[in-house]
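Here is the structure we will look at.
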Amino acid sequence: MKAAVWTGKDKIEVRELPIPEIRVEEALIRVCAAGVCATDYHIISGQLAIGRPPNVQGHEICGRIEKINSSRKDLSVGQRCVIATSIGCGKCAYCREGKQYLCKDSSEIGFYPHNGGYAEYVKVPVSCIVPIPDEVSDLAGSILESVVCPAESLMRVGIPFGSTVLVTGAGAAALGYIAVAKALGAGKIISLVRREEKARLVLRFGADEAVDSSKVGNVEEEILSRTGGEGADVVIETTGAPAIISACPFYCKKGGRIVQYGIPADGDTVTVPVKRLVTGEIAVYGTVGNTKAWYPLIEMIKSGRLNVEKMVTHTFRIEEIDRAFDLYRNHDKSLIKAVILFDGEQGK
């Protein structure tokens, strides 16, 4: 099979590898499409020290079951599916709660030592397989993993019907948060961005208002003016920028909630306004998991309440995967999500 192998810093090689052999309670998935995540680029380029080469990356996977060795009754050969990539020990308290991503022995398909979806076939535990209906296209399925974490955090934190939500940033995660918050009943979504073209983008993806920080003298005053002087009910931080993280408590109303998704770079220092958090009774939620949101998210897509496929801006064949990473290297402004297509599909 063809696979894109991470061989060293900023090096990807398309090689022929053996098709994986499956064991009990495993399945072989023929990959139809695989989303290209910024995290993979950061690992391959040496910006994130996760795993080591050689390894096949790719943790956003849509495919069909090619072989299966399991007693699980809802799965069969030929069935379309997406892959919930977190793997835990299956025995600890976190795993029993469905939070295997917090397990001390957790691992993930697409991160060393597990090969991922930048290949024609990938081996997965059957517990990771999530069947999808025809209403979820291969393109939508291939980037579903990038939307699941936002969806899970909002299901956990809650979006009160009619509430005001502030989302910082305009990347793929921010757009996912906007779409999911809208589907969950947010009354008004305000996006905080830093360029006019980003303001246009978030409005196109469902934000009701956009605040361009490059054109506003005092961002806090501007946000308060748009929220009745109180701040947003829920603030969602996706950028990881220390200055924005520090400012979010002042964008949030008293008794409100902050969802912290963005991660600062190693070595960054973040100032936390503890007094504002304490006196305002503002709750801060870190978010990294996704296991409980797959089926609800699929139902939202099936019902037409959510369209994630429109986030795909570029597609490539496996032989062209380095072109996909070039979009990150060159900070291409047109990129939202890139997808590697298999089954003979042509890239663009």
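The values are calculated or read from the model by the stated rules, or taken from the named source; none is laboratory data. Keep in mind that what you see is a predicted model, and the values were worked out from it rather than measured. Glycine also receives a Cβ, built like all others from the backbone with ideal geometry; neighbour counts cover every protein chain displayed. In case anyone asks, the SASA skips ligands and DNA or RNA and just uses the protein heavy atoms, side chains included. Shrake-Rupley method; radii C 1.70, N 1.55, O 1.52, S 1.80 Å.
Limited to the range 99-125, what total is found for residues that are open to solvent by 20 Å² or more (accessible area, probe 1.4 Å), part of a loop (DSSP other than H, G, I, E, B) and not aromatic (Phe, Trp, Tyr)?
Of the residues in the range 99-125, the ones open to solvent by 20 Å² or more (accessible area, probe 1.4 Å) are 99-102, 104-108, 111-115, 120-121, 123, 125.
With part of a loop (DSSP other than H, G, I, E, B) added as a condition, the list becomes 99, 104-106, 111-115, 120.
Retained after the next criterion (residues that are not aromatic (Phe, Trp, Tyr)): 99, 104-106, 113-115, 120.
Counting residues in the range 99-125 that are open to solvent by 20 Å² or more (accessible area, probe 1.4 Å), part of a loop (DSSP other than H, G, I, E, B) and not aromatic (Phe, Trp, Tyr) gives 8.
Report, by residue number, each residue of the range 228-246 that is surrounded by fewer than 20 Cβ atoms within 10 Å (Cβ to Cβ) and over 21 Å from the mean Cα position of the chain (by Cα).
The first filter runs over the range 228-246 and keeps only residues surrounded by fewer than 20 Cβ atoms within 10 Å (Cβ to Cβ), leaving 228-230, 240-243, 246.
Within the range 228-246, Gly228, Gly229, Glu230, Ala243, Ser246 meet the criteria.
Of everything in the range 126-167 that's part of a strand (DSSP E or B) and closer than 15 Å to Tyr285 by Cβ, which residue is nearest to the chain's Cα centre (by Cα)? Give the derivation first.
Filtering the range 126-167 for residues part of a strand (DSSP E or B) gives 129-131, 164-167.
With closer than 15 Å to Tyr285 by Cβ added as a condition, the list becomes 165-167.
On the way: Val165: 19, Leu166: 18, Val167: 15 Å.
Only one residue fits best here, namely Val167.
Would you call Cys89 open to solvent by 10 Å² or more (accessible area, probe 1.4 Å) and assigned to a loop (DSSP other than H, G, I, E, B)?
Working: open to solvent by 10 Å² or more (accessible area, probe 1.4 Å): yes; assigned to a loop (DSSP other than H, G, I, E, B): yes.
In short, yes.
Considering each residue of the range 275-302, count those that are open to solvent by less than 90 Å² (accessible area, probe 1.4 Å), in a loop (DSSP other than H, G, I, E, B) and at pLDDT below 95, and give that number. Show your work before the answer.
First pass over the range 275-302, keeping only residues open to solvent by less than 90 Å² (accessible area, probe 1.4 Å): 276-277, 280, 282-287, 289-291, 293-294, 296-298, 300-301.
Restricting the remaining residues to those that are in a loop (DSSP other than H, G, I, E, B) gives 280, 282, 287, 289-291, 293.
With the extra rule that they be at pLDDT below 95, the set shrinks to 287, 289-291, 293.
Number of matching residues: 5.
All but one of (1) open to solvent by less than 50 Å² (accessible area, probe 1.4 Å); (2) in contact with a strand residue (DSSP E or B) (Cβ under 7 Å, 6 or more places away or on another chain); (3) of a type outside the set (Ser, Thr, Tyr); (4) under 21 Å from Val284 (Cα atoms) hold for Ala173, so report the exception by its number.
Of (1) open to solvent by less than 50 Å² (accessible area, probe 1.4 Å); (2) in contact with a strand residue (DSSP E or B) (Cβ under 7 Å, 6 or more places away or on another chain); (3) of a type outside the set (Ser, Thr, Tyr); (4) under 21 Å from Val284 (Cα atoms), only one is false for Ala173: (2).
Going by what's in this entry, would Val77 be described as out of contact with any Pro (no Cβ under 9 Å at 6 or more places or on another chain), open to solvent by 20 Å² or more (accessible area, probe 1.4 Å), within 21 Å of Tyr295 (Cα to Cα) and among the hydrophobic types (A, V, I, L, M, F, W, C)? Before you say what the answer is, go through the steps one by one.
Working: out of contact with any Pro (no Cβ under 9 Å at 6 or more places or on another chain): yes; open to solvent by 20 Å² or more (accessible area, probe 1.4 Å): yes; within 21 Å of Tyr295 (Cα to Cα): yes; among the hydrophobic types (A, V, I, L, M, F, W, C): yes.
The answer is yes for Val77.
What's the number of the condition Ala49 fails, among (1) at pLDDT below 95; (2) within 24 Å of Thr291 (Cβ to Cβ); (3) open to solvent by 50 Å² or more (accessible area, probe 1.4 Å)?
Here Ala49 meets the rest and fails (2).
May I ask you to list the residues in the range 176-200 that are in a helix (DSSP H, G or I) and either open to solvent by 50 Å² or more (accessible area, probe 1.4 Å) or free of Cβ contacts under 8 Å to residues at least 60 places away in the same chain (or both)?
From the range 176-200, those in a helix (DSSP H, G or I) are 176-183, 196-200; that's our starting set.
Ile178, Ala181, Lys182, Glu196, Glu197, Lys198, Ala199, Arg200 - these are the residues of the range 176-200 that are in a helix (DSSP H, G or I) and either open to solvent by 50 Å² or more (accessible area, probe 1.4 Å) or free of Cβ contacts under 8 Å to residues at least 60 places away in the same chain (or both).
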